[in-house]
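Please treat every number below as a calculation from the coordinates, not as lab data. Keep in mind the model is a prediction, meaning the values are calculated, not measured. All Cβ positions, glycine included, derive from the backbone under ideal geometry; neighbour counts span all protein chains shown.
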Amino acid sequence: MSDVMDGVKEVIVDVLKIDQKDINLDTRFIEDLKADSMDQFFLIDGFCEKFDLSISDEDARSIKSVKDVVNYIEKSK
């Protein structure tokens, strides 16, 4: 598994307090993990901090799944 995926999982586990085994590339934040708007804010903030990047509000709105955020981070590197 990629370093990006591992880092994304760390942030999700920390923010949502869920088991890492429940997370894969197809996992959706709202539908599968029951993340609310505040959870989503903290997830985006966590990804920015973990990967030392900035995610615009517009880009954040398009991030719906683990795959979306992994692709975004990999393109931003």
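Sorting 38, 5 on the 10 Å Cβ count, fewest up front, what's the list? Provide the component values of the computation, followed by the final result.
Working: 38 9, 5 18.
Ordered by Cβ neighbours within 10 Å, fewest first: 38, 5.
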Query raised in the report: Any idea how many Lys pairs in the chain come in under 17 angstrom at the alpha carbon, given 8 or more places apart or on separate chains?
Result: 18
Requested in this report: Take the Cα atoms of the stretch 3-76, build their convex hull, and give its volume per residue in Å³.
Outcome: 77
